[in-house]
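**Student:** Just passing along the structure, written as structure tokens.
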Amino acid sequence: MRTQQTVQTVLFDGSQPNDTQANPIFSLLHEVLLQKTNKVKVIKLYNINLTLCTSCFHCFFKTPGQCRNRNDMGAELLKIILNSSTIVLFTPVVFGGYSSDLKKLIDRFLPIVLPFFKKVDKETHHPLRYSTFPHIIGIGVHPYPTKELSNCFKTLVGRNALNLPPSHYSTEVINSTSYFSQEVRKKFQDVLARTERPPLYKDINLLLQENNPSFKKVTKKKQALLIIGSQKDKKSTSNVLAACLAGHLKNNKIGTEFFKITDILHHSEGLQNLCAAIDRADTIILACPLYFDSLPFLVSKAFETIATHRKKTINMEPKIFLAIINNAFPESHQNAVALAICKNFALEANMLWAGGLTLGTGEGLISGKSLIGIHGFAGFKRPPLFYISRSLKLTARSLAKGHPVPEKAAQIMAKIPYPFMSSARWRTFIIQSAKRLIEQEAQKSGLNVIELQRKPYAQ
């Protein structure tokens with residue numbers, strides 16, 4: 001795909017212009033990159049015209065390899081990325097993840113992968129649409145980078161690289177308060193020279209083990225806010241999960257209020273309305289899909305605003321926060337990084353972390369349909385989902401008593417829906433079933449399997 005003339009390094013800046021801590025480090029990074037190669041293209045993301053990914057899957061089934069949004073810089077940025085040798089992702093470490101500006105770009109990577117699933121070690125991932133992908137270098141900046149924050153950020157960069165095979169990666173977190181140019185310069189030289197092993201299940205499982213609740217019992221709760229974190233306008237799997245939990249909360253005499261994350265876009269005062277809703281509630285619940293190993297852009301943006309709002313609020317009352325993360329892969333543990341980011345956000349926003357629930361194959365099992373019934377995505381039959389409702393019921397009962405998410409509820413939600421089926425057989429079943437469904441979706445658009453694999457940005 002690449003030619004000798006297109007070898008270059010693209011430096012994406014996910015910080016803000018007034019970030020006095022990140023800007024000097026960015027300048028030094030740029031200097032070190034120029035010493036390594038004279039072809040460095042800098043792209044400041046804060047002022048880029050880039051619309052958000054809504055997981056409409058047009059780039060899978062309607063216009064393979066191309067986003068339906070043609071009036072922004074998305075296509076041009078993908079061309080630049082795919083025809084470079086290295087991309088550098090520079091960002092403040094925000095709750096252990098990327099800044100929202102950088103996350104909006106990462107979400108738009110969806111056309112780079114194919115809709116099919118394939119086995120990678122003991123996990124499931126999308127195949128890459130192109131034969132190669134640039135070396136990924138993730139540089140995070142934080143004034144007080146704890147071990148947990150640094151580990152979360154580095155794992156996220158590695159998981160992104162694993163989902164864009166056969167890309168290689170390296171990553172580093174820089175302490176912005178102890179800035180010594182020679183020390184930081186040496187770290188940059190080291191990270192540019194090395195390649196790291198991508199984090200697999202045993203690595204990200206450590207993140208799940210770190211997600212223990214931050215409390216054992218508080219006073220009973222009376223009002224819950226359920227945030228639907230899906231960027232889809234239509235009914236989503238996250239909406240179904242939140243609605244089911246709301247029903248169980250009402251049965252336990254907890255009032256509920258809903259906020260759709262897309263209201264941030266549809267209303268000029270969307271973020272202010274969200275902060276006001278959080279002030280009214282004593283329990284905050286996020287139901288959210290996984291977008292490229294992390295939270296969707298709008299959720300990342302909301303988290304930044306909420307944390308700032310909470311820091312400015314006088315006499316803050318601790319609120320309970322928990323998250324329900326679902327993904328399209330058969331492995332629920334792939335939600336580990338997103339869950340870790342939620343925990344980091346909760347603690348930084350002066351909330352009590354109640355733990356989280358992780359669901360695999362969420363779109364395939366639910367796809368916006370009720371948990372009652374046996375028909376899931378595209379009308380295909382699915383296993384009974386009573387166990388999901390049971391998990392949410394246990395969670396609601398525990399929250400009503402002032403307790404965090406029960407470990408039993410988390411185990412039930414994460415389990416394979418068919419009893420006695422091994423994870424290997426479940427993975428194979430999902431990969432084969434997805435292939436059949438993808439072929440049928442392609443036929444609806446008048447496309448065949450070969451046409452689904454178009455490479456519109458290849459040179």
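**Student:** Count charges around residue 152 for me, please; just the other residues with Cβ under 13 Å from its Cβ, Lys/Arg as +1, Asp/Glu as -1.
**Tutor:** Details: positive: 147, 154, 159, 343; negative: 148, 203, 210, 293, 348.
So the surrounding residues net to -1.
**Student:** Here's a follow-up. Please list 404-415, 223-234, 424-435, 77-88 highest first by mean number of surrounding beta-carbon atoms within 10 Å per residue. Intermediate results must be reported in sequence, preceding the final value.
**Tutor:** Numbers: 404-415: 18.2, 223-234: 21.8, 424-435: 15.7, 77-88: 20.2.
In decreasing order of mean packing, 404-415, 223-234, 424-435, 77-88 become 223-234, 77-88, 404-415, 424-435.
**Student:** Looking at the chain, what % of its DSSP beta bridges pair antiparallel, to the nearest 5?
**Tutor:** Numbers: 7 of 56 bridges.
Bridges in the chain that DSSP calls antiparallel: roughly 10 percent.
**Student:** Next question, about the same structure. With only Lys, Arg, Asp and Glu charged, each at its Cβ (+1 for the first two, -1 for the last two), find how big the charge dipole of the chain is about the Cα centre; round to the nearest 20 debye.
**Tutor:** Details: 59 positive and 32 negative charges, 265 e Å.
Dipole of the chain, to the nearest 20 debye: 1280 debye.
**Student:** Turning to a different aspect of this structure: Rounded to the nearest percent, how much of the accessible area of the chain (1.4 Å probe, protein heavy atoms only) is carbon and sulfur?
**Tutor:** Numbers: 10310 of 19590 Å².
Here it works out to 53 percent.
**Student:** For the stretch 141-191, calculate the relative contact order in percent as a whole number, restricting contacts to Cα pairs under 8 Å that are 6 or more residues apart. Provide the component values of the computation, followed by the final result.
**Tutor:** Details: 35 pairs, mean separation 23.2, N = 51.
Relative contact order, the stretch 141-191: 45 percent.
**Student:** So, by mean Cβ neighbours within 10 angstrom, what's the order for 162-172, 334-344 with the highest one leading?
**Tutor:** Numbers: 162-172: 19.7, 334-344: 28.1.
Top to bottom by mean Cβ count within 10 Å: 334-344, 162-172.
The values are calculated or read from the model by the stated rules, or taken from the named source; none is laboratory data. Quick caveat, the model's predicted, so the values are computed rather than measured. Cβ coordinates were reconstructed from backbone atoms using ideal geometry, including for glycine residues, and neighbour counts include every protein chain displayed. Heavy atoms of the whole protein, side chains included, go into the accessibility calculation; ligands, DNA and RNA do not. Shrake-Rupley method; radii C 1.70, N 1.55, O 1.52, S 1.80 Å.
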